[in-house]
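The values are calculated or read from the model by the stated rules, or taken from the named source; none is laboratory data. In this text, all values refer to a predicted model and were calculated from it rather than measured experimentally. Every residue, glycine as well, gets a Cβ built from its backbone with ideal geometry; the counts of neighbours run over all protein chains shown. Side chains included, ligands, DNA and RNA excluded: accessible areas come from the protein's heavy atoms. Shrake-Rupley method; radii C 1.70, N 1.55, O 1.52, S 1.80 Å.
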Amino acid sequence: QVQLVESGGGSVQAGGSLRLSCAASGRTFSSYTMGWFRQAPGKEREFVAAINWNSNSYYADSVKGRFTISRDNAKNTVYLQMTSLKPEDTAVYYCARTGAFKVSYYSDEYDYWGQGTQVTVSS
């Protein structure tokens, strides 16, 4: 069973930065695309970023240029560096894993999820 554990959320003022981490269990971490999604109160869960097995990265337009996704396969960990944060970035952020050698922007194509970490950006 794969477990994903996020950390690094918190409260920050607009313009600030945070780095989220997601530690994954399992021995074939490097074969999978890892994604970050977020869900704000009253809104649907939305794609934020993903990184595939070759470390190619993909971003939602709303975060492009501000967020950077990266991975350390030796540590089974994926990161989301968030800069120039805006109040509209406030949400619970989730780490997720999709199938081996597959890339997706859609949450229903990710089969394992972390518990989420709260990010709050104040104006």
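Residue count for the stretch 1-42, restricted to those that are under 16 Å from the mean Cα position of the chain (by Cα), closer than 22 Å to Val63 by Cβ and not hydrophobic (A, V, I, L, M, F, W, C): 13. Considering only residues that are modelled with pLDDT of 95 or more and outside any strand (DSSP E or B), look in the stretch 4-41 and name the one that is nearest to Asp111 (Cα to Cα). Restricting to residues being modelled with pLDDT of 95 or more and outside any strand (DSSP E or B), the top hit is Ala40. When residues in the stretch 67-123 are screened for being open to solvent by 30 Å² or more (accessible area, probe 1.4 Å), of a type in the set (Gly, Ala, Ser) and part of a loop (DSSP other than H, G, I, E, B), 2 of them pass. Residues of the stretch 32-42 include at least one that is charged (D, E, K, R) and surrounded by 13 or more Cβ atoms within 10 Å (Cβ to Cβ). Check whether at least one residue in the stretch 47-66 is closer than 15 Å to Leu4 by Cα, buried (at least 18 other Cβ atoms within 10 Å of the Cβ) and touching a residue at least 60 places away in the same chain (Cβ under 8 Å), and report yes or no. Scanning the stretch 47-66 turns up no residue that is closer than 15 Å to Leu4 by Cα, buried (at least 18 other Cβ atoms within 10 Å of the Cβ) and touching a residue at least 60 places away in the same chain (Cβ under 8 Å).
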